[in-house]
Amino acid sequence: MTQLIFINLPVADLAKSMAFYEAVGFTNNPMFTDETAACMVLSDAIHVMLLTHPKWQSFTAKPIPDAKESAQVMLCLSRDSREAVDAITEAAARAGGTPDCNPRQDYGFMYGRSFEDPDGHIWEVMWMDLAAAQEQMAKAS
């Protein structure tokens, strides 16, 4: 069986967060969605569970940090091209996210941008030419 990743994120407004994630390319799986949580699917292996604060707190007693004020993780997605990196970042901006919350990265063989969702969760999006990256590393050795 293929291993799956489920990223769980606390969200203040479930409907707003669902609309944001749909706007950047996720689809909703209604089988795992109710008034307290939504399963947003990016690929066969990557799912994001958007959890209302009360639902989140049913899993842990730890406080929910304000992701707009502090960062604990940056979630990274790969894309097939530079243009695809730009497209998802621009879609995030149109949907109410914050584009380029971290500096753009352009190393020639690797290109990356970032965005924050409405709750402040940071997504890094990157493209890499693996052959060029390997060649670059071989030259550095």
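The values are calculated or read from the model by the stated rules, or taken from the named source; none is laboratory data. Small disclaimer: the values here were computed from a predicted structure and weren't measured. Please note: Cβ atoms are built from the backbone with ideal geometry, for glycine as well, and neighbour counts cover all protein chains shown. Quick note on the areas: whole protein, heavy atoms, side chains included, nothing else; ligands and nucleic acids left out. Shrake-Rupley method; radii C 1.70, N 1.55, O 1.52, S 1.80 Å.
Observations, loosely collected:
- Dipole moment magnitude, nearest 20 debye, the stretch 19-83 about Cα centre, only Lys, Arg, Asp, Glu C-beta charged: 200
- With a Förster radius of 41 Å applied to the C-beta separation of S141 and F32, the computed FRET efficiency comes to 0.35.
- For the pair the stretch 62-141 / the stretch 1-36, the C-alpha centres are spaced 19 Å from each other.
- Of the accessible area of the chain, computed with a 1.4 Å probe over protein heavy atoms only, carbon and sulfur atoms account for 55 percent.
- Among S17, S70, S81, the residue with the largest mean-square fluctuation in a Gaussian network model of the chain, with springs joining Cα atoms closer than 10 Å, is S70.
- The chain, relative contact order in percent, only Cα pairs under 8 angstrom and at least six apart counted: 22
- When only the Cβ of Lys, Arg, Asp and Glu is charged (+1, +1, -1, -1), the dipole of the stretch 27-141 relative to its Cα centre reaches about 200 debye.
- Just so you know, the Cα atoms of the chain work out to an Rg and Dmax of 16.5, 54 Å.
- For the stretch 1-58, the fraction of alpha-carbon pairs in successive 10 Å shells from zero, as %: 26, 57, 16, 1
- Options A12, M31, S81, ranked by Cα towards positive dipole end of the stretch 1-86, top entry (Cβ charges): A12
- Residue with peak Gaussian network fluctuation, the chain [Cα springs, cutoff 10 Å], from G120, G108, G97: G108
- Relative contact order of the stretch 16-60: 28 percent, from C-alpha pairs under 8 Å at least 6 residues apart in sequence.
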